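Peer 1: Structure in C-alpha coordinates, see below.
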Amino acid sequence: MKYVIGNWKMNGNMAEKDSLLKSLKNVRTDNKVVICLPFTLLCGNTFGITIGAQDISEHTNGAYTGDISGAMLIESDVKYVLVGHSERRFYHHETNDIVKAKATAAIQNKIIPIICVGETADEKNAGRTMSVVKKMVLESVPKSGNYIIAYEPRWAIGKGVTPSANEITAVHETIFKTLRGIKKENTPVIYGGSVDAGNAGTIANLPHVDGLLIGRASLKSDTLLPIIKTIKE
Ligand code: PGA
(Lines give C-alpha, C1' and ligand atoms only; values in the text may rest on other atoms or scores of the structure.)
Protein backbone atom coordinates (compact mmCIF):
# COMPACT_ATOMS: atom_id res chain seq x y z
CA MET A 1 0.00 0.00 0.00
CA LYS A 2 1.29 3.45 -0.94
CA TYR A 3 -0.08 6.80 0.18
CA VAL A 4 -1.42 9.09 -2.53
CA ILE A 5 -2.13 12.38 -0.81
CA GLY A 6 -3.49 15.39 -2.66
CA ASN A 7 -2.85 18.93 -1.48
CA TRP A 8 -5.35 21.37 -2.96
CA LYS A 9 -3.65 24.41 -1.36
CA MET A 10 -5.87 27.52 -1.83
CA ASN A 11 -7.68 26.17 -4.88
CA GLY A 12 -11.06 24.78 -5.80
CA ASN A 13 -14.71 25.22 -4.92
CA MET A 14 -17.53 22.94 -3.72
CA ALA A 15 -18.50 21.80 -7.23
CA GLU A 16 -14.89 20.93 -8.10
CA LYS A 17 -14.45 19.08 -4.82
CA ASP A 18 -17.63 17.06 -5.37
CA SER A 19 -16.54 16.25 -8.89
CA LEU A 20 -13.08 14.99 -7.86
CA LEU A 21 -14.26 13.00 -4.84
CA LYS A 22 -17.05 11.38 -6.91
CA SER A 23 -14.55 10.36 -9.58
CA LEU A 24 -12.27 8.82 -6.91
CA LYS A 25 -15.13 6.79 -5.53
CA ASN A 26 -15.09 4.53 -8.57
CA VAL A 27 -11.33 3.91 -8.59
CA ARG A 28 -10.35 0.47 -7.37
CA THR A 29 -7.01 0.70 -5.61
CA ASP A 30 -5.32 -0.62 -2.50
CA ASN A 31 -3.37 2.61 -2.20
CA LYS A 32 -4.45 5.00 0.55
CA VAL A 33 -5.88 8.05 -1.16
CA VAL A 34 -6.39 11.24 0.89
CA ILE A 35 -7.34 14.70 -0.38
CA CYS A 36 -6.26 17.65 1.79
CA LEU A 37 -8.79 20.41 1.18
CA PRO A 38 -9.07 24.08 2.16
CA PHE A 39 -11.03 24.52 5.41
CA THR A 40 -14.22 25.73 3.71
CA LEU A 41 -14.42 22.58 1.58
CA LEU A 42 -14.15 20.21 4.54
CA CYS A 43 -17.90 20.13 5.02
CA GLY A 44 -20.40 18.36 2.80
CA ASN A 45 -20.37 14.93 1.21
CA THR A 46 -17.00 13.17 1.03
CA PHE A 47 -18.38 10.31 -1.10
CA GLY A 48 -16.51 7.87 1.11
CA ILE A 49 -13.12 9.40 0.28
CA THR A 50 -10.72 10.17 3.14
CA ILE A 51 -10.19 13.90 3.54
CA GLY A 52 -7.47 15.90 5.23
CA ALA A 53 -6.89 19.52 6.23
CA GLN A 54 -3.88 21.72 5.43
CA ASP A 55 -3.27 23.22 8.86
CA ILE A 56 -4.32 22.86 12.51
CA SER A 57 -3.98 25.15 15.49
CA GLU A 58 -1.57 24.08 18.21
CA HIS A 59 -4.16 25.40 20.70
CA THR A 60 -7.30 23.68 21.97
CA ASN A 61 -9.67 26.68 21.78
CA GLY A 62 -9.86 30.35 22.65
CA ALA A 63 -8.84 33.74 21.31
CA TYR A 64 -6.97 32.68 18.16
CA THR A 65 -8.77 34.52 15.39
CA GLY A 66 -8.66 32.67 12.08
CA ASP A 67 -7.33 29.42 13.50
CA ILE A 68 -9.02 26.01 13.40
CA SER A 69 -8.65 23.47 16.21
CA GLY A 70 -8.30 19.71 16.10
CA ALA A 71 -11.75 19.27 17.66
CA MET A 72 -13.23 21.37 14.84
CA LEU A 73 -11.47 19.27 12.21
CA ILE A 74 -12.75 16.08 13.80
CA GLU A 75 -16.33 17.37 13.41
CA SER A 76 -15.67 17.56 9.66
CA ASP A 77 -14.44 13.96 9.66
CA VAL A 78 -10.84 14.95 8.94
CA LYS A 79 -8.42 12.04 9.34
CA TYR A 80 -5.13 13.63 8.25
CA VAL A 81 -3.63 17.11 8.38
CA LEU A 82 -0.61 18.65 6.67
CA VAL A 83 1.66 20.45 9.11
CA GLY A 84 4.70 22.55 8.34
CA HIS A 85 4.19 22.65 4.59
CA SER A 86 6.96 24.82 3.17
CA GLU A 87 4.42 27.45 2.12
CA ARG A 88 3.31 27.73 5.76
CA ARG A 89 6.89 27.73 7.02
CA PHE A 90 7.70 30.50 4.50
CA TYR A 91 4.61 32.74 4.39
CA HIS A 92 3.50 32.19 8.00
CA HIS A 93 6.95 31.84 9.57
CA GLU A 94 6.18 28.46 11.11
CA THR A 95 9.22 27.14 12.93
CA ASN A 96 10.03 23.52 13.78
CA ASP A 97 8.73 24.20 17.31
CA ILE A 98 5.37 25.39 15.98
CA VAL A 99 5.19 22.46 13.57
CA LYS A 100 5.87 20.05 16.43
CA ALA A 101 3.15 21.67 18.57
CA LYS A 102 0.67 21.41 15.68
CA ALA A 103 1.57 17.77 15.04
CA THR A 104 1.10 17.07 18.76
CA ALA A 105 -2.34 18.76 18.69
CA ALA A 106 -3.32 16.62 15.71
CA ILE A 107 -2.31 13.41 17.47
CA GLN A 108 -4.21 14.42 20.60
CA ASN A 109 -7.31 14.63 18.39
CA LYS A 110 -6.61 11.30 16.66
CA ILE A 111 -5.75 13.04 13.39
CA ILE A 112 -2.60 11.83 11.63
CA PRO A 113 -0.21 14.70 10.96
CA ILE A 114 1.73 14.72 7.70
CA ILE A 115 4.86 16.60 8.73
CA CYS A 116 6.53 18.32 5.78
CA VAL A 117 10.29 18.88 5.57
CA GLY A 118 12.59 19.91 2.76
CA GLU A 119 15.57 22.03 1.85
CA THR A 120 15.66 25.31 -0.11
CA ALA A 121 17.59 25.71 -3.36
CA ASP A 122 20.34 27.60 -1.50
CA GLU A 123 20.67 24.85 1.09
CA LYS A 124 20.85 22.23 -1.66
CA ASN A 125 23.48 24.20 -3.58
CA ALA A 126 25.54 24.53 -0.40
CA GLY A 127 25.51 20.73 -0.02
CA ARG A 128 23.43 20.95 3.16
CA THR A 129 20.37 18.91 2.14
CA MET A 130 20.96 15.99 4.50
CA SER A 131 21.81 18.04 7.58
CA VAL A 132 18.89 20.43 7.01
CA VAL A 133 16.36 17.64 6.48
CA LYS A 134 17.63 15.62 9.44
CA LYS A 135 17.37 18.64 11.76
CA MET A 136 13.87 19.49 10.49
CA VAL A 137 12.71 15.92 11.15
CA LEU A 138 14.20 15.70 14.63
CA GLU A 139 12.88 19.10 15.70
CA SER A 140 9.42 18.84 14.10
CA VAL A 141 8.20 15.40 15.20
CA PRO A 142 6.11 14.96 18.36
CA LYS A 143 7.43 12.90 21.27
CA SER A 144 4.93 10.09 20.72
CA GLY A 145 2.15 9.00 18.40
CA ASN A 146 1.98 8.10 14.74
CA TYR A 147 2.71 10.49 11.92
CA ILE A 148 3.80 10.61 8.29
CA ILE A 149 6.84 12.51 7.03
CA ALA A 150 6.62 14.22 3.64
CA TYR A 151 9.94 15.08 2.00
CA GLU A 152 9.28 18.07 -0.24
CA PRO A 153 12.35 19.88 -1.55
CA ARG A 154 11.19 23.50 -1.67
CA TRP A 155 12.88 24.11 -5.01
CA ALA A 156 10.84 21.30 -6.62
CA ILE A 157 7.38 22.41 -5.46
CA GLY A 158 5.29 23.76 -8.32
CA LYS A 159 8.37 24.11 -10.52
CA GLY A 160 8.04 21.12 -12.84
CA VAL A 161 11.42 19.80 -11.69
CA THR A 162 12.17 16.90 -9.34
CA PRO A 163 15.35 15.58 -7.78
CA SER A 164 16.91 12.57 -9.53
CA ALA A 165 15.91 9.08 -8.42
CA ASN A 166 19.28 8.76 -6.64
CA GLU A 167 18.77 12.05 -4.80
CA ILE A 168 15.29 11.10 -3.64
CA THR A 169 16.51 7.68 -2.51
CA ALA A 170 19.43 9.21 -0.59
CA VAL A 171 17.25 11.73 1.27
CA HIS A 172 14.59 9.14 2.08
CA GLU A 173 17.28 6.83 3.40
CA THR A 174 18.59 9.64 5.60
CA ILE A 175 15.07 10.28 6.90
CA PHE A 176 14.58 6.54 7.52
CA LYS A 177 17.84 6.33 9.48
CA THR A 178 16.96 9.49 11.42
CA LEU A 179 13.61 7.97 12.37
CA ARG A 180 15.25 4.66 13.24
CA GLY A 181 17.47 6.61 15.64
CA ILE A 182 14.37 7.65 17.58
CA LYS A 183 12.73 4.22 17.24
CA LYS A 184 10.23 5.43 14.65
CA GLU A 185 11.47 3.41 11.67
CA ASN A 186 7.93 2.29 10.80
CA THR A 187 6.92 5.86 9.99
CA PRO A 188 5.78 6.25 6.36
CA VAL A 189 7.91 8.72 4.38
CA ILE A 190 6.34 10.16 1.23
CA TYR A 191 7.77 12.37 -1.52
CA GLY A 192 6.23 15.61 -2.84
CA GLY A 193 7.23 18.26 -5.37
CA SER A 194 6.14 18.31 -9.05
CA VAL A 195 4.77 14.78 -9.06
CA ASP A 196 2.79 13.94 -12.20
CA ALA A 197 1.61 10.88 -14.09
CA GLY A 198 4.95 10.71 -15.91
CA ASN A 199 7.17 10.41 -12.81
CA ALA A 200 4.79 9.07 -10.12
CA GLY A 201 5.32 5.36 -10.82
CA THR A 202 9.12 5.63 -10.74
CA ILE A 203 9.27 7.80 -7.62
CA ALA A 204 6.72 5.79 -5.64
CA ASN A 205 8.71 2.61 -6.21
CA LEU A 206 12.06 3.96 -5.01
CA PRO A 207 13.47 2.49 -1.79
CA HIS A 208 12.07 4.04 1.41
CA VAL A 209 9.37 5.92 -0.54
CA ASP A 210 5.95 5.07 0.90
CA GLY A 211 3.85 7.32 -1.27
CA LEU A 212 3.40 10.73 -2.83
CA LEU A 213 2.16 14.20 -1.90
CA ILE A 214 0.67 15.85 -4.95
CA GLY A 215 -0.21 19.51 -5.42
CA ARG A 216 -1.28 20.75 -8.84
CA ALA A 217 -1.90 17.31 -10.32
CA SER A 218 -4.39 16.47 -7.52
CA LEU A 219 -6.86 19.18 -8.51
CA LYS A 220 -8.49 17.34 -11.39
CA SER A 221 -9.40 13.72 -11.97
CA ASP A 222 -7.78 13.65 -15.42
CA THR A 223 -4.37 14.30 -13.82
CA LEU A 224 -4.89 12.51 -10.48
CA LEU A 225 -6.45 9.22 -11.62
CA PRO A 226 -3.55 8.28 -13.94
CA ILE A 227 -1.16 8.81 -10.99
CA ILE A 228 -3.17 6.49 -8.75
CA LYS A 229 -3.33 3.87 -11.48
CA THR A 230 0.39 4.01 -12.27
CA ILE A 231 1.49 3.29 -8.69
CA LYS A 232 2.09 -0.33 -7.85
CA GLU A 233 0.48 -1.29 -4.58
P1 PGA B 1 3.21 20.38 -6.56
O2 PGA B 1 2.98 20.69 -5.01
O3 PGA B 1 2.84 18.93 -6.78
O4 PGA B 1 2.29 21.32 -7.27
O5 PGA B 1 4.67 20.64 -6.85
C6 PGA B 1 3.30 19.75 -4.03
C7 PGA B 1 3.07 20.31 -2.66
O8 PGA B 1 3.38 21.49 -2.42
O9 PGA B 1 2.58 19.60 -1.76
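The values are calculated or read from the model by the stated rules, or taken from the named source; none is laboratory data. Just so it is clear, the model here is predicted, and its values are computed rather than measured. Note that each Cβ is placed from the backbone with ideal geometry, even for glycine, and that neighbours are counted across all protein chains shown. All accessible areas refer to the heavy atoms of the entire protein, side chains included, with ligands and DNA or RNA removed. Shrake-Rupley method; radii C 1.70, N 1.55, O 1.52, S 1.80 Å.
Peer 1: Quick one: pull the percent of accessible area on the stretch 1-130 belonging to carbon and sulfur, 1.4 Å probe, ligands and nucleic acids left out. Present the calculation step by step, with values, prior to reporting the outcome.
Peer 2: Details: 3320 of 6600 Å².
Summing carbon and sulfur atoms, their accessible area is 50 percent of the total for the stretch 1-130.
Peer 1: Next question. Counting heavy atoms of the protein chains only and a 1.4 Å probe, report the per residue accessible area for the chain as a whole number of Å². Please report the intermediate quantities before stating the final value.
Peer 2: Working: 11190 Å² over 233 residues.
Dividing the accessible area of the chain by its residue count gives 48 Å².
Peer 1: Three principal axis extents, largest first, for the C-alpha atoms of the chain, in Å?
Peer 2: 45, 43, 30
Peer 1: Just to make sure I understand: if all protein chains stay in place, what is the order of Lys134, Lys143, Lys232, Lys184 by accessible area at 1.4 Å, largest first?
Peer 2: Details: Lys134 95, Lys143 190, Lys232 140, Lys184 45 Å².
So, going from the largest accessible area down, we get Lys143, Lys232, Lys134, Lys184.
Peer 1: With +1 on the Cβ of every Lys and Arg and -1 on the Cβ of every Asp and Glu, and nothing else charged, how large is the dipole of the chain about its Cα centre, in debye rounded to the nearest 20? Each step should come with its number before you reach the end.
Peer 2: Numbers: 28 positive and 23 negative charges, 85 e Å.
Roughly 400 debye, rounded to the nearest 20.
Peer 1: What are the extents of the Cα atoms of the stretch 63-114 along their three principal axes, in Å, largest first?
Peer 2: Cα spread of the stretch 63-114 along its principal axes, largest to smallest: 29, 24, 16 Å.
Peer 1: For Leu41, tell me the accessible area in Å² from a 1.4 Å probe, rounded to the nearest 10.
Peer 2: Counting only protein heavy atoms, Leu41 exposes about 10 Å² to solvent.
Peer 1: Go through Leu73, Pro142, Asn11 and say which Cα lies farthest out towards the positive end of the charge dipole of the chain; charges sit on Cβ, +1 for Lys and Arg, -1 for Asp and Glu.
Peer 2: With unit charges placed on the Cβ atoms, the residue in question is Pro142.
Peer 1: Among the aspartates and glutamates, which fall within straight-line cross-link reach of Lys110, defined as a Cα-Cα distance under 19 Å, with same-chain neighbours fewer than 8 residues apart omitted?
Peer 2: Cross-link targets: Asp55, Glu58, Asp67, Glu75, Asp77.
Peer 1: In whole angstrom, note down how far apart the Cα centers of the stretch 33-96 and the stretch 143-197 are.
Peer 2: Using only Cα atoms, the two centres lie 21 Å from each other.
Peer 1: What residues qualify as long-range amide H neighbours of Ile112, i.e. H under 5 Å apart, gap of 5 or more or another chain, H built at 1.01 Å from N?
Peer 2: Hits under the 5 Å cutoff: Tyr80, Val81.
Peer 1: Among Ala101, Ala63, Ala170, which one shows the highest mean-square fluctuation when the chain is modelled as a Gaussian network with alpha-carbon springs under 10 Å?
Peer 2: Checking each option, the largest mean-square fluctuation is seen for Ala63.
Peer 1: With each run of n ≥ 4 DSSP H residues scored as -39500 (n - 2.57), what mean residue ellipticity at 222 nm is computed for the chain after dividing by its residue count and rounding to the nearest 500 deg cm²/dmol?
Peer 2: Working: 9 runs with 86 residues, N = 233.
Only helices count here, giving -10500 deg cm²/dmol.
Peer 1: Which helices, taking whole DSSP H runs in the chain, have alpha carbons extending 15 angstrom or more along the helix axis plus mean Kyte-Doolittle at least 0.0? Spell out each step's value before the answer.
Peer 2: On the way: long enough: 14-25 (16 Å, -0.43); 96-108 (18 Å, 0.11); 129-140 (16 Å, 0.55); 165-181 (24 Å, -0.07).
Going by DSSP H runs, the hits are 96-108, 129-140.
Peer 1: For a quick protection proxy, order the peptides 9-16, 31-38 by their average other-Cβ count within 10 Å, most packed first.
Peer 2: Working: 9-16: 13.0, 31-38: 21.9.
Result, highest mean first: 31-38, 9-16.
Peer 1: Sorted by mean Cβ packing within 10 Å, highest first, what order do the peptides 193-204, 89-100 take? Display every interim value, and only then the final one.
Peer 2: Working: 193-204: 19.3, 89-100: 15.4.
Answer by packing, highest mean first, reads 193-204, 89-100.
Peer 1: How much of Arg216 can a 1.4 Å solvent probe reach, expressed as accessible area in Å² and rounded to 10?
Peer 2: Probe radius 1.4 Å; accessible area of Arg216 about 150 Å².
Peer 1: Could you tell me which of the pairs Lys183/Lys229; Lys17/Lys100; Lys134/Lys183; Lys102/Lys184; Lys22/Lys159; Lys79/Lys232 are separated by over 22 angstrom between their Cα atoms in the structure shown? Don't jump to the answer; show the numbers that get you there.
Peer 2: Details: Lys183/Lys229 33 Å; Lys17/Lys100 29 Å; Lys134/Lys183 15 Å; Lys102/Lys184 19 Å; Lys22/Lys159 29 Å; Lys79/Lys232 24 Å.
Where the Cα-Cα span goes over 22 Å, the pairs concerned are Lys183/Lys229; Lys17/Lys100; Lys22/Lys159; Lys79/Lys232.
Peer 1: Under 13 Å from the Cβ of Lys124, count the other residues' Cβ atoms, weight Lys and Arg +1, Asp and Glu -1, and hand me the total.
Peer 2: On the way: positive: Arg128, Arg154, Lys159; negative: Glu119, Asp122, Glu123, Glu152, Glu167.
Summing Lys and Arg as +1 and Asp and Glu as -1 gives -2.
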